[in-house]
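Chemist: Sharing a structure below in structure tokens format, with a few things to ask.
The values are calculated or read from the model by the stated rules, or taken from the named source; none is laboratory data. Predicted, not measured: the structure shown is a model, and the values here were computed from it. Because the Cβ atoms are built from the backbone with ideal geometry, glycine has one as well, and the counts that use them run over all protein chains shown. The protein model used for the area step is the full one, side chains on, heavy atoms only, and it has no ligands, DNA or RNA in it. Shrake-Rupley method; radii C 1.70, N 1.55, O 1.52, S 1.80 Å.
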2 protein chains.
Amino acid sequence: MAATLTERRLFILKIVVQEFVETATPVASEMLVRKYGLGFSSATVRNELATLEDLGYLTHLHTSAGRVPTDAGYRFFVENLMERTSLSMAEQRMIRHQFYQVRGELDQWIQLAGAVLARTAQNASLVTPPRAEHLRFKNLELISIHETMVLAVLVFHGGIVKQQTFSPDTARSAEDLRRCAGQISDQLADLTVSQVEDLITHDAQQLAPLFGDFEHGVIDLVTHAMQTFEEQAREQIHSDGLLEMLSQPEFIPSLTRDDAERAVERLRRALEILKNGRGLGPLIPQALASEGVQVIIGGEHSEDEMREYSVVLARYGVGGTVTGVLGVIGPTRMAYPRSISTVRYISSLMTSLLGDLYAGETRPPFEDGL
Amino acid sequence: MAATLTERRLFILKIVVQEFVETATPVASEMLVRKYGLGFSSATVRNELATLEDLGYLTHLHTSAGRVPTDAGYRFFVENLMERTSLSMAEQRMIRHQFYQVRGELDQWIQLAGAVLARTAQNASLVTPPRAEHLRFKNLELISIHETMVLAVLVFHGGIVKQQTFSPDTARSAEDLRRCAGQISDQLADLTVSQVEDLITHDAQQLAPLFGDFEHGVIDLVTHAMQTFEEQAREQIHSDGLLEMLSQPEFIPSLTRDDAERAVERLRRALEILKNGRGLGPLIPQALASEGVQVIIGGEHSEDEMREYSVVLARYGVGGTVTGVLGVIGPTRMAYPRSISTVRYISSLMTSLLGDLYAGETRPPFEDGL
DNA sequence: CCTTAGCACTCTCATACCGCGAGTGCTAAA
DNA sequence: TTTAGCACTCGCGGTATGAGAGTGCTAAGG
């Protein structure tokens, strides 16, 4: 019961986890001695495995099957056993190059980040668009599409853009629109949603002398756009790499019928998680509030449907101004060192890119070794 | 051999197709007489089924299994047998309402169209963004994000917007940027990509007196943005409804081991088709060049990986100006009448919405009954 | 000539059973 | 404390078996 973690036990736990992560088959005592040239017999290893099982780090699906790490085992591995690695220079270079090719196109960063995370970690990925806790208005442009249709382009701090068309009651000249946009831009500059709301409810008279119906209509539009935008941005989780994750053995059924069935069911569940962000919801705010790379393993999730999955998350961007979350999601049997270093690298990279874009305090351009 | 299609055979073919589409199990002679109260015996039906099989409209997986339509059978059904239906008024109203709620946000139309198609047809859907064959430049805005970063917002005819950031060599005042954007807008107004290219290669001197390095840099940026945008727009296929399609029985494995395996394999394939648009590519230009609803059934596809799927497609938007393609994709055993009426309705709706947006000739607002 | 009852035949699907091989747990000895 | 030896467990693939569903054919009847 009160067994202690000797050096040897730590080592065995470590190689069991590594072995299982690599092969996806329960690991047997005999093969450990063979493969790792341990200086003691399989019987000894079996004893040690039994102790590690008592300690809660390993299990046994069935009496005659090899050992498999428990969630606690993975946790211990991540916390104490694994060595902290980085992506190879070549990989880092390649990734940087890909981001360089879409420089200037923020929308594509998210997509690219998702794709790169997925491919590098061979699992699914999730990325939320970079957002300020509260959007701050910067600029408004009104562009006439035709007589009865106007395109409003709202620009927010951090280079975030939202477009919306509307049809004003009365036709306006391009010059007119420009003037109107300029006036409103001046009025709303640097305000958050709630400040804009305050402005139109409390200080309406302050605007009234200058603005007519049209201007008020536009301000209403802007307010509404900001509200919905902020709201839907909060929930929006971009996910990718479904195919990569499905190439994991967990989703490839063996020839036995009920395993195939389970694989299909797993697959369907995974799809639902990624599609609607089901089960991921609670993680985002939590990740936004933390520093560094977060790892949530299997049963540690608050949601039941996530019990078989682990998530590796990190915040990116500049706290307080423009931030998002990105990460990797996959079966608990995940190459944690690899996932963690991938997430760490991509989040630094995105942070640096956003830093360039955003006027505020920029972190120093991160180093490769990070 | 030279059997003819009597009235009775047509009817039997029709109910076989309908029955198989509904139940997804091979249809037996006995059950047809029972379920449809046919005035003749199952033996007679068996004879008729055999003739229909000779004619190539039905098959038989195995000697002792019921009949299943062939691709030709589905084709004949779609062409001659099925009755043309429309979505119910209630459904139409609900869909219109959803589109109303995202009025003004073109990006969301595509997403919504995909979701609605999928849910209504209970299959996967695909939507390409509405695009002109050739983008026509309309307007450029340059907005300073901070000293060394400028946001360029390119507006094209049809209300299409592309945003791109860049960092000019020299800092520019907001006023300066505005003037520059105005000049370039004037110069490039109404031009297509190739016309812009012509302008900068052949008539460079015509611009030169007015423009400095900065202006030329911006024009290069615009050109590049237009090129890549047009290119990537051409390939971009938005897909949705994977989950809906996967709820079709084809993807739900029965308890037998090899069927489960096949289901998983099918699933993986389907994923690849939807993810990268593999197999869908050739359909898009074809659909863009046609009027009305297109149906491509199983083996009629040019691509092998599509042999088990049918696609129902329609163009939407105003030909020659801004158009896209949308449709439904699912197993060949598809509720064709339903899919076709869904696609028809959504494409009319999108056409009408785009008509409002785009200044050119608008179709009359379509009627419910359409 | 078309229809139909009857029946043999085929094939799938589910279940049970068997034997093998992998791997453990335990015991007893070094 | 380690380890060799061994019995025991269990999953897995293969095969046999039986039931059920549905067809194809044949021969009789309208």
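Chemist: In square angstrom, rounded to the nearest 10, how much accessible surface does residue B:67 have for a 1.4 Å probe?
Modeler: My reading of the accessible area for residue B:67 is about 30 Å².
Chemist: May I pose another question? Are there residues in segment B:152-175 whose accessible area shrinks by at least 50 Å² when all protein chains are included rather than the chain by itself, and which are they (probe 1.4 Å, ligands and nucleic acids not counted)?
Modeler: Correct list: B:161, B:163, B:165.
Chemist: Mean Kyte-Doolittle of at least 1.6 and a Cα length of 30 Å or more along the axis: which whole DSSP H helices of chain A meet both?
Modeler: none
Chemist: With a 1.4 Å probe and every protein chain left in place, work out the accessible area per residue of chain B in Å², rounded to a whole number.
Modeler: It amounts to 45 Å² per residue over chain B.
Chemist: Right, here's the next one. So which GluC sites (Glu not before Pro) in segment A:261-331 end up in coil per DSSP with only 14 or fewer other C-beta atoms within 10 Å?
Modeler: Answer in residue order: A:291, A:303.
Chemist: So if R0 is 30 Å, what FRET efficiency would residue B:88 and residue B:34 give, r being the distance between their Cβ atoms, rounded to the nearest 0.05?
Modeler: Efficiency computed from Cβ-Cβ geometry: 0.50.
Chemist: I would also like to ask the following. Build a GNM of chain A with springs between Cα atoms under 10 Å: which of A:274, A:55, A:117 gets the top mean-square fluctuation?
Modeler: A:55
Chemist: At 1.4 Å probe size, with no ligands or nucleic acids counted, give the accessible surface of residue B:203 in Å², nearest ten.
Modeler: Counting only protein heavy atoms, the figure is 60 Å².
Chemist: Leaving out ligands, DNA and RNA, and with a 1.4 Å probe, what % of the accessible surface on the protein assembly as shown is carbon or sulfur?
Modeler: 51
Chemist: Mind grabbing the interface size between B and A? I mean buried accessible area, both sides, 1.4 Å probe, in Å² to the nearest hundred.
Modeler: Roughly 4300 Å² of accessible surface disappears when B and A pair.
Chemist: Additional query: Scan segment B:1-95 for GluC sites (Glu not before Pro) in coil per DSSP, keeping those whose Cβ has at most 15 other Cβ atoms within 10 Å, and list them by number.
Modeler: Sparse-neighbourhood loop GluC sites (Glu not before Pro): B:83.
Chemist: Between residue A:134 and residue B:23, what is the label-to-label distance in nm when each label sits 7 Å out along the Cα-to-Cβ direction?
Modeler: Those two pseudo-labels are separated by 6.3 nm.
Chemist: Could you pull out the pairs from A:138/B:138; A:14/A:35; B:162/B:275 whose alpha carbons sit more than 18 Å apart here?
Modeler: Beyond 18 Å: A:138/B:138; B:162/B:275.
Chemist: Given the whole protein assembly as supplied and a 1.4 Å probe, what does the accessible area of residue B:62 come to in Å², nearest 10?
Modeler: Looks like 130 Å² after rounding.
Chemist: Once you have a ≥ b ≥ c as the square roots of the Cα gyration tensor eigenvalues for segment A:137-234, tell me rounded if a/c is under 1.5, and otherwise prolate or oblate according to whether a/b is larger than b/c.
Modeler: It comes out oblate by the Cα gyration axes.
Chemist: Follow-up. Per DSSP H run of n ≥ 4, the term is -39500 (n - 2.57); total these for the protein assembly as shown, divide by its residue number, and report the mean residue ellipticity at 222 nm rounded to 500 deg cm²/dmol.
Modeler: -15000 deg cm²/dmol
Chemist: Long-range amide H contacts for residue B:310: which residues qualify at under 5 Å (H placed 1.01 Å from N, peptide plane, sequence gap of 5 or more or a different chain)?
Modeler: For residue B:310, the qualifying residues are B:298, B:330, B:332.
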